[in-house]
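Below is one structure, written out as structure tokens; comments come after it.
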Amino acid sequence: MISDKDTICAIATGTGSAGIGIVRLSGPEAIPIAERLFRGKRRISELNSYTAAYGHLVRGCDHKGSIGRGGSGEPLSGEAGLSVSKDRQEEVLDEVIALVMRAPHTYTTEDVVELSCHGGPLVLNRVLQELTAAGARLAEPGEFTKRAYLGGRIDLSEAEAVMDVIAAENESALSASLRQLQGSLKNAVSELREKLLYETAFIESALDDPENYSLEDYADRMRTVLADCTGQIRGLIAGAEEGRMLRQGIRTAIVGRPNAGKSSILNLLLGEERAIVTEIAGTTRDTLEEKAILGGVQLVLIDTAGIRETADAVEQIGVQRAKAAVETADLILLVIDAAEPLSEEDTELLRSISGSRDPAEKGRTTAPILVLLNKNDLDTVITAAELEQLLEAHGILCDNAGTKEVPGNKGTSTDTSGSGQRTGRVLEISAATGEGKERLAEAVQGLFFAGKLSDSQEQYMLNARHKEALQDALDALMRVSDSVDAGVGEDFYTIDLLAAYEALGRITGETLEDDLADKIFREFCMGK
Ligand code: GDP
């Protein structure tokens with residue numbers, strides 16, 4: 001299968017200048033193609049797998065199958081064959097280390113040669129050009145990993161995890177992707193599929209061979225299996241939100257009336273001056289988005305112009321965006337100027353936030369609010385206790401100690417129960433002195449990822465494809481559950497059990513028919 005594939009090449013390291021840059025070749029012709037360009041004491045084809053050789057890459061004047069040793073395999077000149085051949089001039093492209101890895105124990109499962117060159121864009125591109133002239137093709141994005149998948153070395157979820165490892169922008173995202181690369185999602189999905197397949201095979205066997213397999217009281221057993229599997233799938237779906245936040249950061253809307261200190265809070269979190277800070281109310285005209293790491297958690301900070309009715313056209317656009325930011329946020333930071341009495345604007349804001357989401361809306365989460373009593377370096381006139389009362393009055397479950405059991409929240413911001421109860425905490429802070437930043441970091445950690453960033457075994461980097469597949473599997477299992485309740489025949493179960501099995505298989509890229517046939521044959525000895 002692999003032998004009829006072509007040989008691909010690409011620069012495997014980043015763009016820009018670096019000490020070393022690696023050009024990778026993979027495919028049936030990887031070794032002969034590299035050998036055509038390589039001049040060293042040893043020939044590439046003589047190297048054992050996972051051994052490296054020092055030498056030079058050269059460019060011959062004639063590319064048409066006769067570069068370097070050509071078909072004869074003989075050096076063109078001297079021990080290293082470096083510069084001058086009898087009949088053609090060879091130009092040295094770079095001094096390199098060639099590493100040979102032989103199929104099947106390689107990243108792609110094919111023959112792979114990695115050429116460690118000097119890391120300049122010009123030199124690497126010239127090497128690439130010579131390799132293509134010698135018969136390799138430029139790889140498509142992700143093609144090496146795709147070959148690893150096609151070669152059966154990794155499944156789809158692991159292939160996707162490779163991309164996530166590369167794209168990870170913070171520690172949490174990196175560790176979750178690395179776990180996924182080691183098969184964490186594959187294992188979770190495979191375990192579920194195994195259970196569903198077993199039940200399907202059992203039902204089919206019992207229908208075919210009632211003397212040996214009994215379906216008496218099977219509905220009860222089906223209920224137990226369904227409860228177990230749907231629970232696990234729901235857990236995976238809930239974890240998907242966490243995965244998104246891990247990967248892309250927690251979308252954090254910073255809201256508050258003009259001059260409360262939103263831009264100053266943003267700057268405090270960013271650790272540098274980004275937003276324009278002025279004393280004139282309404283200067284933050286638009287929304288800004290910036291990334292910050294707070295206590296190991298990545299936040300995507302959305303600074304808003306404050307949610308309020310305004311006649312100013314420019315500011316109105318900002319106000320609309322602020323409302324949209326609150327709607328889509330995972331976390332709301334409501335900034336209040338504690339040195340001033342609470343204004344009508346402050347309470348209006350709180351009111352609009354507390355009513356901004358319809359808890360009945362399916363699939364929506366209810367973002368928690370952290371109220372930041374800002375400017376506590378000044379004489380403050382608002383207390384945390386007052387604010388907590390105000391939050392409770394607006395139907396926001398106030399959990400200042402971070403200990404209350406929030407229905408359905410399981411310690412994370414993801415409200416899987418659909419209770420829709422928004423939670424809030426009040427924190428004193430000073431954007432001017434930085435006092436309270438630690439408390440804010442702790443509060444964010446506590447609200448998200450169940451406060452257990454270091455022990456995040458349950459988090460998977462689920463993408464939209466995974467989520468859709470999980471949802472389809474869940475829907476199919478709910479249909480089985482309906483069938484059980486309706487008391488229909490067991491043969492009806494199998495259609496939806498297989499639909500769930502197939503949906504889960506889409507995550508790992510596995511197929512159905514062969515598996516089922518194997519399973520039935522192996523475990524249930526049909527027709528014995
Ligand atoms: P925004 O309109 O909500 O973005 O508010 P700004 O961040 O522009 O801040 C408004 C004013 O309050 C500026 O003069 C800031 O320097 C000041 N300010 C913000 N935070 C603090 C703080 O914690 N302490 C003191 N003393 N002043 C602050």
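When only residues in the stretch 196-253 that are touching a residue at least 60 places away in the same chain (Cβ under 8 Å) and among the β-branched types (Val, Ile, Thr) count, which is most open to solvent (accessible area, probe 1.4 Å)? Break it down stepwise before answering.
To start, the set of residues in the stretch 196-253 that are touching a residue at least 60 places away in the same chain (Cβ under 8 Å) comprises 196-209, 213, 215, 218-219, 222-223, 226, 229-230, 233-247, 249-253.
In the following step, the residues that additionally are among the β-branched types (Val, Ile, Thr) were identified as 200, 203, 230, 233, 237, 250, 252.
Details: THR200: 1, ILE203: 0, THR230: 15, ILE233: 1, ILE237: 39, ILE250: 0, THR252: 0 Å².
Looking at residues that are touching a residue at least 60 places away in the same chain (Cβ under 8 Å) and among the β-branched types (Val, Ile, Thr), I get ILE237.
How many of the residues in the stretch 222-267 are of a type outside the set (Ser, Thr, Tyr) and over 19 Å from the mean Cα position of the chain (by Cα)?
Step one: of the stretch 222-267, the residues of a type outside the set (Ser, Thr, Tyr) are 222-223, 225-229, 231-251, 253-262, 265-267.
Then keep just the ones that are over 19 Å from the mean Cα position of the chain (by Cα); that gives 222-223, 225-229, 231-232, 253-262, 265-267.
Number of matching residues: 22.
Among GLY40, GLY19, GLY60, which is the only one that is at pLDDT below 95 and open to solvent by less than 20 Å² (accessible area, probe 1.4 Å)? Steps first, answer last, please.
Numbers: GLY40 fails: at pLDDT below 95; GLY19 fails: open to solvent by less than 20 Å² (accessible area, probe 1.4 Å).
Going through GLY40, GLY19, GLY60 in turn, just one is at pLDDT below 95 and open to solvent by less than 20 Å² (accessible area, probe 1.4 Å): GLY60.
Tell me yes or no: at least one residue of the stretch 140-148 is open to solvent by 40 Å² or more (accessible area, probe 1.4 Å), in contact with a helix residue (DSSP H, G or I) (Cβ under 9 Å, 6 or more places away or on another chain) and part of a helix (DSSP H, G or I).
First pass over the stretch 140-148, keeping only residues open to solvent by 40 Å² or more (accessible area, probe 1.4 Å): 140-141, 146.
Cutting the leftovers down to in contact with a helix residue (DSSP H, G or I) (Cβ under 9 Å, 6 or more places away or on another chain) gives us 140, 146.
Now drop any that are not part of a helix (DSSP H, G or I), which leaves 146.
Looking through the stretch 140-148, at least one residue is open to solvent by 40 Å² or more (accessible area, probe 1.4 Å), in contact with a helix residue (DSSP H, G or I) (Cβ under 9 Å, 6 or more places away or on another chain) and part of a helix (DSSP H, G or I).
In the stretch 446-469, is there at least one residue being among the acidic types (Asp, Glu), at pLDDT below 90 and in a helix (DSSP H, G or I)? Steps first, answer last, please.
Step one: list which residues in the stretch 446-469 are among the acidic types (Asp, Glu), which gives 455, 458, 468.
This time we only want the ones that are at pLDDT below 90, so: 455, 458, 468.
Remaining after also requiring in a helix (DSSP H, G or I): 468.
For the stretch 446-469, residues among the acidic types (Asp, Glu), at pLDDT below 90 and in a helix (DSSP H, G or I): present.
Could you pull out the residue among GLU95, GLU114, GLU110 that is modelled with pLDDT of 50 or more and not in a strand (DSSP E or B)?
Residue meeting the stated conditions: GLU110.
The values are calculated or read from the model by the stated rules, or taken from the named source; none is laboratory data. Values in this document were obtained by computation on a predicted structure and should not be read as measured data. No Cβ is skipped: glycine too gets one built from the backbone with ideal geometry, and neighbour counts run over all protein chains shown. Accessible surface is based on the protein model in full, side chains and every heavy atom, while ligands, DNA and RNA are left aside. Shrake-Rupley method; radii C 1.70, N 1.55, O 1.52, S 1.80 Å.
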